[in-house]
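The structure under discussion appears below in the form of structure tokens.
The values are calculated or read from the model by the stated rules, or taken from the named source; none is laboratory data. Quick caveat: nothing in here was measured; it's all calculated off a predicted structure. Here the Cβ is made from the backbone with ideal geometry for all residues, glycine too, and neighbour counts use every protein chain on show. Please note that ligands, DNA and RNA were not included when accessible areas were found on the heavy atoms of the full protein model with its side chains. Shrake-Rupley method; radii C 1.70, N 1.55, O 1.52, S 1.80 Å.
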Amino acid sequence: MTALLSVEGVRVSYGRIEAVRGVDLAVAPGEFVGVIGSNGAGKSSLMRAIAGVLKPAAGRVSFDGAEVTRLKSHQMVAKGLAMVPEGRMVFADQTLRDNLLLGGFSRMRTDRAGVMRDLERVLVLFPRLRERLDQEAGTLSGGEQQMLAIARGLISKPRLLVIDELSLGLAPLILDMLFPVLSSLNREGLSILLVEQMASYALAVTDRTYVMENGRVLFEGRSADLARDPRVLDAYLGRRRAA
Ligand SMILES: Nc1ncnc2c1ncn2[C@@H]1O[C@H](COP(=O)(O)OP(=O)(O)OP(=O)(O)O)[C@@H](O)[C@H]1O
Ligand SMILES: [Mg+2]
């Protein structure tokens with residue numbers, strides 16, 4: 001089967017700093033894929049290169065069988081790839097409704113009835129957002145801002161949703177609500193690429209996981225297997241080494 005997303009030999013540099021040093025990665029249609037790794041491993045840089053936020057220094061990105069390496073992020077959204085960036089990046093002084101409707105894809109659309117249907121669809125997913133449509137996004141709780149960021153990504157009806165650090169700064173109670181939402185979206189057919197610091201959460205919901213360190217993929221495998229792999233247990237799941 002052709003991969004929905006295929007990344008080959010991608011490199012990302014910031015001046016002299018090489019953040020991503022030749023990464024291969026793929027997401028099959030309908031797959032839920034995780035990326036874990038320490039701070040500074042290059043996870044966000046890789047996601048930015050995939051989503052068209054920055055241009056890779058080398059390598060190739062394909063989406064749905066076509067090369068997209070040089071496309072910009074709004075062109076990637078139009079192709080069906082949406083990203084929830086690290087830190088959410090909501091417009092703090094705009095209302096939740098404006099964040100959803102003015103941001104990104106919706107702004108370019110003219111079919112108002114269709115936009116309203118899409119808004120309704122994401123509000124069904126996150127009822128807390130409906131009660132707060134007129135609230136400024138900056139006054140939302142961290143969990144609500146993450147719901148907004150996900151809703152903003154979903155409103156363009158992507159085929160692949162890229163999420164960079166779902167759990168950042170969020171309490172376990174909120175995570176226990178957000179992760180099942182992702183699982184159910186995935187069961188309905190949405191492909192998801194999730195970068196996550198909380199390895200135990202990511203390994204529990206994803207089909208397959210890549211482990212990144214120093215700009216490279218160290219190893220990759222089925223999440224159920226990696227959850228029992230000593231390399232993962234020691235470095236990412238906090239297992240104490242035997243004395
Ligand atoms: N805009 C930038 N300019 C210069 N260097 C950068 C920039 N963004 C990231 N880097 C560097 O690239 C490397 C990888 O950073 P990146 O944010 O991709 O890692 P990460 O795996 O997402 O880390 P974290 O888990 O902390 O989010 C780091 O050494 C970082 O300092
Ligand atoms: Mg990051």
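Worth a mention:
- Of all residues making up region 140-179, the number that are modelled with pLDDT of 95 or more and open to solvent by 40 Å² or more (accessible area, probe 1.4 Å): 1
- Test: residue in region 60-80 that is of a type in the set (Gly, Ala, Ser), within 18 Å of residue 9 (Cβ to Cβ) and in contact with a strand residue (DSSP E or B) (Cβ under 8 Å, 6 or more places away or on another chain): yes
- Some residue of region 90-110 being away from ligand 1 (no atom under 13 Å from the Cβ), closer than 30 Å to residue 200 by Cα and surrounded by 17 or more Cβ atoms within 10 Å (Cβ to Cβ): yes
- Filter result for residue 54 (within 12 Å of ligand 1 (Cβ to nearest atom) and either open to solvent by less than 50 Å² (accessible area, probe 1.4 Å) or closer than 30 Å to residue 136 by Cα (or both)): yes
- Of the listed requirements (1) touching a Phe, Trp or Tyr at 6+ places or on another chain (Cβ under 6 Å); (2) modelled with pLDDT of 95 or more, residue 99 misses just one: (2).
- Qualifying position, being open to solvent by less than 70 Å² (accessible area, probe 1.4 Å), part of a helix (DSSP H, G or I) and either away from ligand 2 (no atom under 16 Å from the Cβ) or in contact with a Ser or Thr (Cβ under 9 Å, 6 or more places away or on another chain) (or both), among 194, 203: 203
- Any hit, region 67-78, residues being within 13 Å of ligand 1 (Cβ to nearest atom) and either in contact (Cβ under 8 Å) with a residue 24 or more places away in the chain or at negative phi (or both): no
- Count - residues of region 7-46 that are surrounded by fewer than 23 Cβ atoms within 10 Å (Cβ to Cβ) and either among the hydroxyl-bearing types (Ser, Thr, Tyr) or not in a strand (DSSP E or B) (or both): 13
- The set of residues from region 206-237 being assigned to a strand (DSSP E or B), open to solvent by 70 Å² or more (accessible area, probe 1.4 Å) and among the polar types (S, T, N, Q) is empty.
- Taken over region 122-138, the residue count meeting the criterion of being open to solvent by 10 Å² or more (accessible area, probe 1.4 Å) and either touching a residue at least 12 places away in the same chain (Cβ under 8 Å) or under 19 Å from the mean Cα position of the chain (by Cα) (or both) is 8.
- Cross-chain or 6+ apart pairs with Cβ under 7 Å, region 41-62 first and farther than 19 Å from residue 89 by Cα, then open to solvent by 20 Å² or more (accessible area, probe 1.4 Å) and within 10 Å of ligand 1 (Cβ to nearest atom): 41/213; 41/214; 57/13
- Contact map, region 174-199: residues that are free of Cβ contacts under 8 Å to residues at least 12 places away in the same chain paired with residues that are loosely packed, with under 15 Cβ neighbours inside 10 Å, Cβ distance under 8 Å, separation 6+ or inter-chain. No pairs are found.
- Residue match in region 52-63 (condition: over 23 Å from residue 166 (Cα atoms), more than 16 Å from ligand 2 (Cβ to nearest atom), hydroxyl-bearing (Ser, Thr, Tyr) and assigned to a loop (DSSP other than H, G, I, E, B)): no
- Extreme residue, least open to solvent (accessible area, probe 1.4 Å), among residues of region 57-66 that are of a type in the set (Gly, Ala, Ser) and on the phi > 0 side of the Ramachandran plot: 59
- In the condition set (1) under 16 Å from the mean Cα position of the chain (by Cα); (2) small (Gly, Ala, Ser); (3) away from ligand 2 (no atom under 16 Å from the Cβ), residue 49 is compliant with all but (3).
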